[in-house]
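**Student:** Attaching a single structure in structure tokens format; questions to follow.
The values are calculated or read from the model by the stated rules, or taken from the named source; none is laboratory data. Just so it is clear, the model here is predicted, and its values are computed rather than measured. Positions of Cβ are generated from backbone atoms using ideal geometry, with glycine treated the same way; all protein chains shown enter the neighbour counts. For accessibility, only protein heavy atoms count, side chains too; no ligands or nucleic acids. Shrake-Rupley method; radii C 1.70, N 1.55, O 1.52, S 1.80 Å.
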Amino acid sequence: NANKNISKSKQIELDGLINQYKIDLYSKAYLEQLVITKIDTIISNEEIEKYYNTNKNNFKANSPLVKLRYINLVKGNNKLASINAKFSSFKSKDKKDLKNLAIQFKDYAFNDSIWVDIDQVYEKLPFVNQDNMAKFIDIGISYQYADSTSIWLVKVKDMVRKNNVLPLSYISPTIKQIILNKRKTDLINKIQTEITNDAIKDNDFEIFK
């Protein structure tokens with residue numbers, strides 16, 4: 001029905017668009033293939049650090065970030081004092097002992113060298129919310145919190161407040177991707193320029209008006 005009812009001039013116009021779309025797809029696929037084979041994907045720590053220092057003001061925290069560790073255990077655990085002592089000390093042996101006791105815990109997180117978003121903290125520490133965050137989340141504080149069934153042991157190691165500059169360790173993967181994307185864009189522009197120059201040199205081009 002389309003072939004019967006669409007005018008010949010319109011069909012020619014549509015066929016031209018289809019052909020142009022095919023050309024665009026092939027060109028895009030060719031460029032992507034060239035980029036994959038030519039791009040340098042190795043990005044040094046020095047390059048990441050330099051970009052970070054130059055653009056620090058662009059990397060502000062939209063919400064607080066926290067480094068912490070915690071244990072959630074059943075209220076009335078008869079080893080609470082020992083667990084709390086090891087949790088507070090947190091030396092290598094203490095950490096190993098706690099991991100051996102982890103079957104007794106309802107939940108826990110010991111890797112306090114990783115930044116986590118405050119929303120994850122709200123999820124894991126349900127007694128913490130936006131209204132009382134200042135009471136429970138601050139640099140260096142440690143405490144016990146109990147409700148009717150559970151006890152949480154919490155140690156906050158570090159914190160980045162909202163609108164403060166994000167730490168390099170947190171933003172580093174993003175910076176790496178930014179640098180890689182810029183390299184891709186620069187390489188595509190370079191390849192397109194080279195192809196155009198070659199076409200002009202060989203008189204192998206067509207100007208559309």
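**Student:** Being part of a helix (DSSP H, G or I), modelled with pLDDT of 95 or more and exposed (fewer than 10 other Cβ atoms within 10 Å of the Cβ) is the requirement here; does residue 57 meet it?
**Tutor:** Judged against the criteria, residue 57 is not a match.
**Student:** If you don't mind, another one. Can you tell me which residue within segment 163-182, out of those that are crowded, with 16+ Cβ neighbours inside 10 Å and not hydrophobic (A, V, I, L, M, F, W, C), is farthest from the chain's Cα centre (by Cα)?
**Tutor:** Of everything passing the filter in segment 163-182, 167 is farthest from the chain's Cα centre (by Cα).
**Student:** Would you point out the residue of segment 35-48, among those that are open to solvent by less than 30 Å² (accessible area, probe 1.4 Å) and part of a helix (DSSP H, G or I), that is nearest to residue 171 (Cα to Cα)?
**Tutor:** That would be 48.
Residues are listed down the side, and each one gets a yes or a no for (1) more than 22 Å from residue 145 (Cβ to Cβ); (2) assigned to a loop (DSSP other than H, G, I, E, B); (3) open to solvent by less than 30 Å² (accessible area, probe 1.4 Å); (4) touching a residue at least 40 places away in the same chain (Cβ under 8 Å):
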{"residue": "96", "(1), (2), (3), (4)": "yes, no, no, no"}
{"residue": "112", "(1), (2), (3), (4)": "no, yes, yes, yes"}
{"residue": "122", "(1), (2), (3), (4)": "no, no, no, no"}
{"residue": "127", "(1), (2), (3), (4)": "no, yes, yes, no"}
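**Student:** Checking the condition open to solvent by less than 80 Å² (accessible area, probe 1.4 Å), assigned to a helix (DSSP H, G or I), modelled with pLDDT of 95 or more and among the hydroxyl-bearing types (Ser, Thr, Tyr), which residue from 70, 51 passes?
**Tutor:** 51
**Student:** Here's another thing I want to ask about it. If residue 200 meets every condition in (1) more than 29 Å from residue 50 (Cβ to Cβ); (2) not in a helix (DSSP H, G or I) apart from one, which number is that one?
**Tutor:** Looking at each condition in turn, residue 200 falls short on (2).
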